[in-house]
Amino acid sequence: MNSPQPPDPAAGLAEKVAFLRSPAAYPHACAAVEARETHMSWVFLADGFAWKLKKPVRHPFLDYRAPEARRHFCGEEVRLNRRLAPGIYLGVEPLLRRADGTLGIGGAGEPVDWLVRMRRLPVALLLDAALEQRTATRAAVTRAALHVAAFYAAAAPEPVPEATFLGRFRRELALNRDILHDGAYGLPEDALAAVLRTLDAFLTEEAELLLGPLRSGGVVEGHGDLRPEHVFLGDPPAVIDCLEFDRALRLLDPFEEIAFLAMECRLLGGAWAGGIVLRSVAAALGRRPPARLLAFYTAFRACLRARLSLAHLQEPRPREPAKWQPRARRYLAAAATACARLSRLPRDP
């Protein structure tokens, strides 16, 4: 006698996505739905709201296969994002199986999944779009920078063990080496080897510089993924889409995130915007990181983004496969530029 087969997560996800594509699915008036797939979620833009459904996927850094895990991390997403985006993250809603077998939101039924409900933001007021369209103003960027700076200034110090703190950098660099050195992706080997050598050497020889912010109480629970597409330039400003699935990745020196944001702004032709954020955060915290540390943070995050770009190509059915290798090369070039700067900067005596 054959044992029953477990439900197919892909088939269940397809049913949910099909349901959520329909304007009739939502408890509010809705004329049209725009569905967007990301690495870990589906987002449904339904008039003035956005609804996020997490995929039942497993990656080295998260496991969303169980419904209870998705429920938990939906709750974490709302809780954590309300720190920097109050009023945008409205709550978690169950996706229900009704008595007649259909899916629904609200009312009676058995929960089969969970949705994060958000207010929809105008794309033109996100920092990445505003930089690309040359519509970002210094006044709007300054408002957003002061919002971010106030968040970091109010954050409590986090007493992370030193070995744990350094271990995150070591693990990420090991993953970078494994994936970026895969010859299938056609990255320039000489440039890649030089970047990885420089980052390894810094971590080995200048760990004291990395530990400086931790020892002085400067490590906090931050955003974790501070990119221009997450910065809203409206009034009031907000920062959305923090990294909710691993607290350890949010425990960092704020300047690591600011270096990351500044690097992304430069790639969009908006280095001036990253400079405003850096100066605002430095003023709020009463400190500015050593130039060598800032260069390391930039190279480290650029190398990480190169790896995460290529990770899309490891999926069974990659979305937009043509864009990821060129994007990885751009990030690798940014990492190489930061490493070259690091090599020119003098070490503290």
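All of the numbers you see were taken from the coordinates with simple rules; none came from a lab. Remember, predicted model here, so these are calculated numbers, not experimental data. For neighbour counting, all protein chains shown are included, and Cβ atoms are generated from backbone atoms with ideal geometry for every residue, glycine included.
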Spread of Cα-to-Cα distances over 10 Å intervals beginning at zero, given as percent, for the stretch 1-153: 9, 33, 32, 17, 6, 1, 0, 0
Report, in degrees rounded to the nearest 10, the 0 to 90 angle that the Cα long axis of helix 138-154 makes with the longest principal axis of the chain. 90
Cα atoms only, the stretch 106-250: Rg and Dmax in Å? 19.9, 60
Amide proton proximity set for residue 58, modelled H, under 5 Å, gap of 5+: 64
Note down, for the chain, the three equivalent ellipsoid semi-axes (square root of 5 times each alpha carbon gyration tensor eigenvalue), biggest first, whole angstrom. 36, 24, 20
Helix-derived [θ] at 222 nm for the chain: sum -39500 (n - 2.57) over DSSP H runs of at least 4, divide by residue count, nearest 500? -15500 deg cm²/dmol
To the nearest 0.05, what FRET efficiency results for residue 21 and residue 171 with a Förster distance of 45 Å applied to their C-beta separation? 0.75
Near residue 16, which aspartates and glutamates are there with a Cα under 16 Å away, not counting those fewer than 8 places off in the same chain? 8, 34, 37, 93, 100, 110, 113
